[in-house]
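Chemist: I am attaching a structure below and will ask some questions about it afterwards.
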């Protein structure tokens, strides 16, 4: 019975979407004629005929946008109910000055999303290792069930590690199809032909991107404490990377890791040297992380975007010091960020 109800709801959403698309096509066809009249020659710019044509076109477009938005909202609600999309969140209230300062000091802005995701995976791997090692010693006096409990926790941490690894690979540019191939080779019974990776981890990736748009969330009430929308390793990358450097040194065994010295983690994340290819990938990825695309149009998300954009454009300019275009883009980004830091809001600009 549940599947029949779901099929009916899905069919209704499909009909709403089709109606909205037809309305869009009809309006755009009519717009071409009306705007042709508006832009035509031989009449004064504000003749009544041309004025009416322009207003009719505007009214038709507004109705089409409303219909398309209704279809979008209906489909989004279905996807949330099905678990394909996570639930939307209320934009964060303004950050206290100390929150911006901590994110700056921790290198959150200057670390690319790709490096942040890889750092989260490293931190998850360390947690899993610690939990697994706890099950190695044999305690003959341990209560019944302790071993199973520890094993269950290790399985949960392994699942967190796999999720973090998928997000890190996606941030590095790996297509969903290639992830399916890798998983089909690594996991028995994984069907790599059905794009199962995207279905399973797509919501987690969407949640990660929303967290990048607003890494900390504050409720709009006095004295509210901020809640992290990203794992701690992504919020405090410098501190976590240094701790993981020490962790690697402490647990290193002959042949375990490539020779990376004392910066086995930080050297590839928060302290990774900039190069043109990596900087360009960072900048291009940033363009798909707009607060509007993440469902957040707040002033906090706007400033977060420009904090990241300044660092990404700065990395490009540093990697290509003779590129005048990169220097100009960086100057524009710095000007916009300075306005936002001074509390000047001009909407979410791109």
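Chemist: Taking the criterion of being crowded, with 16+ Cβ neighbours inside 10 Å and under 17 Å from the mean Cα position of the chain (by Cα), would at least one residue in the stretch 131-143 satisfy it?
Modeler: For the stretch 131-143, residues crowded, with 16+ Cβ neighbours inside 10 Å and under 17 Å from the mean Cα position of the chain (by Cα): absent.
Chemist: Show the residue pairs meeting these rules: Cβ distance below 9 Å; 6+ apart or different chains; first residue within the stretch 311-330 and outside the structural domain of residue 280 (by TED's automatic domain parsing) and under 20 Å from residue 111 (Cβ atoms); second residue part of a helix (DSSP H, G or I) and at pLDDT below 85.
Modeler: As it stands, the answer is none, since no pair meets every condition given.
Chemist: How many residues are more than 27 Å from residue 272 (Cβ to Cβ) and touching a strand residue (DSSP E or B) at 6+ places or on another chain (Cβ under 9 Å) if we restrict to the stretch 90-120?
Modeler: Number satisfying all stated conditions: 4.
The values are calculated or read from the model by the stated rules, or taken from the named source; none is laboratory data. A quick note: this is a predicted structure, and the numbers were derived from the prediction, not measured. Every residue, glycine as well, gets a Cβ built from its backbone with ideal geometry; the counts of neighbours run over all protein chains shown.
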